[in-house]
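Please treat every number below as a calculation from the coordinates, not as lab data. Computed from a predicted structure; not experimentally measured. Because the Cβ atoms are built from the backbone with ideal geometry, glycine has one as well, and the counts that use them run over all protein chains shown.
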Amino acid sequence: MYELAEGSHAPVVLRSMTGEVEVTFEVARSGKTFTILRQGSAKPWQVLLAGVHAATVEGGASESTPQGVLIKAEAGSVKIILMA
């Protein structure tokens, strides 16, 4: 995920191989806080915050990579707070 503008919301729909909606995400930003709400099948998921070097995560784990912070969640939603 690349920088989301302040106050923005971005819906994401992922479909199965048969074209059915498998999972939806709603990404929102308020200041340095990103919230990712997930609905659908209970599978682990991850998102890369491109260009971000440090963040705290509620509801998941984070891992630093050369490209940014990789957020990993088993299921459900996460709250991410970017660090300066």
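In terms of overall dimensions, the range 1-43 has a Cα radius of gyration and Dmax of 12.1, 38 angstrom.
In the chain, the ratio of gyration radius to Kirkwood radius, Rg to Rh, stands at 0.97 when only Cα atoms are counted.
Counted by neighbouring Cβ atoms within 10 Å, the residues R15, R29 run from fewest to most as R15, R29.
Considering only alpha-carbon pairs that sit under 8 angstrom and 6 or more positions apart, the relative contact order computed for the chain is 27 percent.
Peptide packing for 18-24, 36-42 was compared via the average number of neighbouring C-beta atoms within 10 Å per residue; ordered from the highest value, the list is 36-42, 18-24.
What is the sum of charges, Lys and Arg at +1 and Asp and Glu at -1, for the other residues whose Cβ falls under 12 Å from the Cβ of E3?
Values: positive: R29, K32; negative: E6.
Residues close to E3 contribute a combined charge of +1.
Remark: spin-label model distance T33-H53 equals 2.5 nm, labels positioned 7 Å along the Cα→Cβ axis.
Ranked by Cβ crowding within 10 angstrom, fewest neighbours first, how are M1, M17, M83 ordered? Don't skip to the answer; put the middle values down first.
Working: M1 18, M17 6, M83 10.
Fewest-to-most ranking of M1, M17, M83: M17, M83, M1.
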